[in-house]
1. Out of the stretch 41-75, which residues are under 15 Å from residue 181 (Cα atoms), among the charged types (D, E, K, R) and over 14 Å from the mean Cα position of the chain (by Cα)?
2. Any chance you could count how many residues in the stretch 118-146 are in a loop (DSSP other than H, G, I, E, B) and modelled with pLDDT of 90 or more?
3. Is there any pair linking a residue in the stretch 193-209 that is surrounded by fewer than 18 Cβ atoms within 10 Å (Cβ to Cβ) to one that is of a type in the set (Gly, Ala, Ser), with Cβ under 8 Å and at least six apart or on different chains, and which?
4. Could you count how many residues in the stretch 68-100 are buried (at least 18 other Cβ atoms within 10 Å of the Cβ) and more than 24 Å from residue 201 (Cβ to Cβ)?
5. Can you tell me which condition residue 45 does not meet? The list is (1) at pLDDT 90 or above; (2) within 26 Å of residue 208 (Cα to Cα); (3) in contact with an Asp or Glu (Cβ under 8 Å, 6 or more places away or on another chain); (4) among the hydrophobic types (A, V, I, L, M, F, W, C), and all the others hold.
6. Which of the residues spanning the stretch 151-179 are closer than 19 Å to residue 54 by Cβ, surrounded by fewer than 18 Cβ atoms within 10 Å (Cβ to Cβ) and either touching a residue at least 24 places away in the same chain (Cβ under 8 Å) or among the acidic types (Asp, Glu) (or both)?
Amino acid sequence: MKIKTYLILLTVLFFNVTAFAQEQKMNGSEIAAFKLSVNGVSKKIKTLSTDFVQYKHMDFLAKDIETSGKMFFKDPGLLSWQYKKPYNYTIVFKNGKILINDEGKKSSVDIGNSKVFGKINKLIIGSVSGDMFDDKEFVISYFKTRENNVTKFIPKDKTLLKYIKQIELTFSKDDATVVQVKLLESAEDYTRIVMKNKTINAKIDDSFFIN
């Protein structure tokens, strides 16, 4: 009898812990309060710098590909991803162009010549600043966990949907800023970027956006 009672208690405890850790859908008032908080914070962000670790998950690989570096954002629309490990690779979004420096080998893409690149540029900058709540561009759903709020964006544009199936942004409940970005390229493959050691509205030199 004691064993049966113990198993019941253990099952209830496990269920409660699992349910507590899982995402729960926000209700209407929670969504409104969350969006108000994030939009208020994003409007105040003029500069942002953060360390990041990127995990590239591909279905045919046994282990995720891990890279890390530093990201810099400067309003309005300057963005620099500087990969430092295991190689030096920089991507800068600036003046309608994507500038790439692959260990000294430089190239550029004109965003203006591609509707898809333009949307991706807007998407990436929005994901960093937290300004992405555009119902015209995305089907958006809202969730909460104990520590974070999670928004999931499915692009409405069919061309963009070929490249990105879904974007997930995880926001810290402490300061309403993005702490993780997850891009799902397919049902099996995705890129997850975790941000840490974030600094907001400190001076960022323009040299970080020269590639």
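1. 66, 70
2. Counting residues in the stretch 118-146 that are in a loop (DSSP other than H, G, I, E, B) and modelled with pLDDT of 90 or more gives 1.
3. Within 8 Å, the pairs are 198/49; 199/49; 202/49.
4. Selection size over the stretch 68-100: 3.
5. (1)
6. Hits for the stretch 151-179 are 163, 172.
The values are calculated or read from the model by the stated rules, or taken from the named source; none is laboratory data. Keep in mind the model is a prediction, meaning the values are calculated, not measured. No Cβ is skipped: glycine too gets one built from the backbone with ideal geometry, and neighbour counts run over all protein chains shown.
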